[in-house]
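Reviewing the structure listed below.
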Amino acid sequence: KLHLAADPRGTMKGSFRLIWALTACAVVTDGFSLNSPTTDKAATRPRPFLEQVDKILTKLQKPERQLEDHTYLSGNYAPVEGERVRAPVDVVEGEIPPGLRGVFCRNGPNPVLGRPLRKRYHWFDGHAMLHNLMIEDGAAYYTNQFVPSDRYRIEEDLDEEFFPTLGEYDGIYGLAKILLHPDMVRKRIPDLNTVLPPNTNVLMFDKRLYALNEGNIPFEIALQPDGTLRPVGYQTFGLLDYPVSAHPRVDGSKLLFHSYTTNTELIKRDGPMKVGVYDAKTEKLDMYFAPTQEDYVSFAHGLMHTENYMIIWDCNVHFDPRGMFDGGSFFRALPDHSLRFGVIPRNATGPDDVMWIDTGSPAAVVHPLNAWEDDDGTILLWTPRCESLVIDLDTDDVNLFNMVEYRLDPTRGESAMRVIDDSINVEFSTAPQLGKFTRYAYTAIQDSATPGEGSFSGFCRWDMQDRDFRATYYQENEIGGEPMVAQTEDGDTFVGVHLFNLAEEQSYFVLYDGETNELACRLKMPYRVPFGFHGQWLSDEELQGHFEHHGVNV
């Protein structure tokens with residue numbers, strides 16, 4: 001994602017930014033009204049100058065053309081209206097496994113219905129909404145609610161879109177918006193690391209629940225027993241000064257995290273990437289530094305870990321601002337840039353301790369499956385791998401990911417790759433345990449039959465002991481989201497998926513046995529659940545600790 005609130009101008013002076021904005025205004029003032037209402041409340045409020053300029057630029061972009069028949073605003077990508085609390089869910093086939101207690105918590109974007117969209121839209125722009133499927137004593141209940149972030153609450157108060165969207169950053173008018181947006185946004189939210197919608201993932205760490213976006217610091221929320229949410233606030237742990245990705249890892253009392261940025265001010269200060277380890281026991285950072293000082297920004301969406309290492313990557317997909325002018329993506333694959341893994345000892349103190357291992361071939365990694373250390377001290381890493389990743393939601397092309405195994409030698413700086421399978425296209429990975437060997441892990445199956453990104457035709461169970469897989473495809477006319485892995489109190493593993501039946505226009509939730517892929521049960525959702533991004537299983541033990549932390553009696 002382009003970090004929407006990032007300021008790519010670097011040291012550009014405010015007067016120069018103002019010239020850009022005024023030039024745009026001078027060209028187009030005739031024929032435009034600053035008071036075309038979106039709602040009565042929005043129409044009557046006074047607008048500071050930068051907001052007036054922003055509104056003119058929005059009109060020039062003619063967003064109505066882009067919003068018409070938008071893939072990610074239609075079908076099961078369309079936002080849902082209303083928030084439901086503890087709605088009963090019917091089990092229509094099989095039964096919920098005994099001993100399974102907890103919440104399937106799925107995050108995703110959901111623009112607010114009831115007020116018109118007036119800006120160009122990208123799927124990443126919608127406000128965060130959590131879809132909580134609560135499993136209790138063989139029964140299920142559903143709650144959905146917007147994550148009450150600062151961005152959401154401010155726009156609710158204004159009763160209109162205010163904050164920048166990724167969809168706006170297109171063409172010369174998009175460039176003008178980039179130049180004025182940081183100062184405009186700071187009038188409402190001074191810290192630009194807290195602006196983006198936390199709509200990408202959720203994380204339970206140290207009895208606290210966070211909603212995540214890789215351009216933000218984590219937003220803490222308090223989950224209530226009925227599935228509703230209460231805002232706590234953005235969490236810096238008193239120490240964070242750089243975004244945290246949507247895919248940090250929890251290892252006991254420690255949070256392992258990283259992120260990358262396109263913000264030139266942060267790059268100048270820290271570099272294009274930063275890694276860290278926070279220990280909840282000591283309430284201190286074990287490490288926090290920039291692992292590289294390269295002059296480019298690599299699409300480093302996640303990280304992996306083992307007992308003794310953190311593993312980050314520098315892939316062949318780099319930030320390229322030309323996407324603003326030619327209609328393509330801001331991140332583009334380079335045919336000659338090799339995938340590198342950065343192996344970081346858990347006791348590292350700075351970039352000199354990072355070993356960068358070149359794999360010798362261009363490729364990208366987005367959502368790795370798992371990593372662990374072998375008996376000989378090498379690192380085994382399973383991941384979907386794409387040779388030429390295209391990050392462009394406007395194209396119909398489907399990226400091809402094949403499962404591979406990398407063996408990294410942190411003492412010699414060497415790597416070897418083995419293709420596990422090249423017959424099936426897989427992405428969005430999950431495993432019951434990360435950072436150590438576990439026999440089974442899971443990915444979604446993607447192909448051209450699904451309507452867009454984040455929608456899948458089935459899932460794969462990967463057997464890392466026998467080095468093979470078993471694929472399960474959903475019923476005809478059914479499309480699924482990301483598989484989520486859950487375990488019972490006795491350690492039995494299940495895979496849960498939100499499905500949408502195109503013929504019935506009905507949402508379902510299905511549970512499969514994590515070893516055999518056999519259907520355990522099928523639930524008919526009382527309301528439509530749109531496609532989204534990532535989710536997690538929150539066990540009953542985790543929930544009880546979370547409720548206790550927040551003083552909630554269950």
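The values are calculated or read from the model by the stated rules, or taken from the named source; none is laboratory data. Keep in mind that what you see is a predicted model, and the values were worked out from it rather than measured. Here the Cβ is made from the backbone with ideal geometry for all residues, glycine too, and neighbour counts use every protein chain on show. Only protein heavy atoms, including side chains, enter the accessible area calculation; ligands, DNA and RNA are left aside. Shrake-Rupley method; radii C 1.70, N 1.55, O 1.52, S 1.80 Å.
If I filter the range 345-361 for residues that are in contact with a helix residue (DSSP H, G or I) (Cβ under 9 Å, 6 or more places away or on another chain), in a strand (DSSP E or B) and over 24 Å from residue 422 (Cβ atoms), do I get at least one hit? Checked against the condition, which is being in contact with a helix residue (DSSP H, G or I) (Cβ under 9 Å, 6 or more places away or on another chain), in a strand (DSSP E or B) and over 24 Å from residue 422 (Cβ atoms), the range 345-361 yields at least one hit.
Per-residue answers, yes or no, for (1) open to solvent by less than 30 Å² (accessible area, probe 1.4 Å); (2) aliphatic (A, V, I, L, M):
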residue	(1), (2)
292	yes, no
299	yes, no
327	no, no
333	no, yes
339	yes, yes
344	yes, yes
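Only a single criterion out of (1) out of contact with any Asp or Glu (no Cβ under 8 Å at 6 or more places or on another chain); (2) more than 17 Å from residue 536 (Cα to Cα); (3) open to solvent by less than 10 Å² (accessible area, probe 1.4 Å) is not satisfied by residue 199, namely (2).
Report yes if residue 159 is of a type in the set (D, E, K, R) and over 30 Å from residue 434 (Cβ atoms), otherwise no. So residue 159 fits the description; yes.
For every residue, the table says whether it meets (1) more than 29 Å from residue 251 (Cα to Cα); (2) modelled with pLDDT of 95 or more.
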site	(1), (2)
314	no, yes
321	yes, no
331	yes, no
337	yes, yes
340	no, yes
349	no, yes
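Residue-level check: of (1) at pLDDT 95 or above; (2) closer than 19 Å to residue 347 by Cβ, residue 245 misses just (2). Of all residues in the range 492-510, those satisfying the criterion of being of a type outside the set (A, V, I, L, M, F, W, C), farther than 16 Å from residue 133 by Cβ and either open to solvent by 40 Å² or more (accessible area, probe 1.4 Å) or under 23 Å from the mean Cα position of the chain (by Cα) (or both) are 492, 504, 505.
Filter the range 384-401 down to the residues that are open to solvent by 30 Å² or more (accessible area, probe 1.4 Å) and of a type in the set (S, T, N, Q) and list them by number. Passing the criteria: 388, 395. Taken over the range 307-344, the criterion of being over 22 Å from the mean Cα position of the chain (by Cα), in contact (Cβ under 8 Å) with a residue 40 or more places away in the chain and not in a helix (DSSP H, G or I) is satisfied by 307, 308, 309, 327, 335, 343, 344.
For every residue, the table says whether it meets (1) open to solvent by less than 10 Å² (accessible area, probe 1.4 Å); (2) modelled with pLDDT of 95 or more.
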position	(1), (2)
105	yes, yes
110	yes, yes
116	no, no
139	no, yes
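The residues of the range 75-101 that are within 27 Å of the chain's Cα centre (by Cα) and open to solvent by 50 Å² or more (accessible area, probe 1.4 Å), listed by number, are 75, 81, 83, 84, 85, 86, 101.
Residues in the range 494-548 that are among the aliphatic types (A, V, I, L, M), within 27 Å of residue 197 (Cα to Cα) and part of a strand (DSSP E or B): 497, 499, 538. Annotation for the range 360-379: no member residue is open to solvent by less than 10 Å² (accessible area, probe 1.4 Å), farther than 23 Å from residue 430 by Cα and either at pLDDT 95 or above or within 27 Å of the chain's Cα centre (by Cα) (or both). Take the conditions (1) under 27 Å from residue 396 (Cβ atoms); (2) without any contact (Cβ under 8 Å) to a residue 12 or more places away in the chain; (3) not aliphatic (A, V, I, L, M); residue 282 misses just one of them, which is (1). For the range 462-509, the set of residues classified as of a type in the set (Val, Ile, Thr) and touching a Cys at 6+ places or on another chain (Cβ under 9 Å) consists of 472 only. Cβ separations smaller than 6 Å between residues 6+ apart or across chains give the following pairs from the range 516-527 residues that are more than 26 Å from residue 469 (Cβ to Cβ) and open to solvent by 10 Å² or more (accessible area, probe 1.4 Å) to residues that are assigned to a strand (DSSP E or B) and of a type in the set (Val, Ile, Thr): 524/92.
Is it true that residue 57 is in contact with a strand residue (DSSP E or B) (Cβ under 9 Å, 6 or more places away or on another chain), of a type in the set (A, V, I, L, M), in contact (Cβ under 8 Å) with a residue 24 or more places away in the chain and open to solvent by less than 10 Å² (accessible area, probe 1.4 Å)? Don't jump to the end; show me each part of the working.
On the way: in contact with a strand residue (DSSP E or B) (Cβ under 9 Å, 6 or more places away or on another chain): no; of a type in the set (A, V, I, L, M): yes; in contact (Cβ under 8 Å) with a residue 24 or more places away in the chain: yes; open to solvent by less than 10 Å² (accessible area, probe 1.4 Å): yes.
Answer is no for this residue.
I'd like to verify a number: residues in the range 453-469 that are assigned to a loop (DSSP other than H, G, I, E, B) and crowded, with 17+ Cβ neighbours inside 10 Å, how many? Step through it out loud before you land on a result.
The first filter runs over the range 453-469 and keeps only residues assigned to a loop (DSSP other than H, G, I, E, B), leaving 453-455, 457, 464-467.
Adding the requirement that they be crowded, with 17+ Cβ neighbours inside 10 Å leaves 453-455, 457, 464.
Number of matching residues: 5.
With respect to being buried (at least 22 other Cβ atoms within 10 Å of the Cβ), among the aromatic types (Phe, Trp, Tyr) and either within 23 Å of residue 413 (Cβ to Cβ) or under 20 Å from the mean Cα position of the chain (by Cα) (or both), residue 278 falls outside the description. Taken over the range 186-230, residues that are more than 12 Å from the chain's Cα centre (by Cα) and closer than 15 Å to residue 144 by Cα amount to 10.
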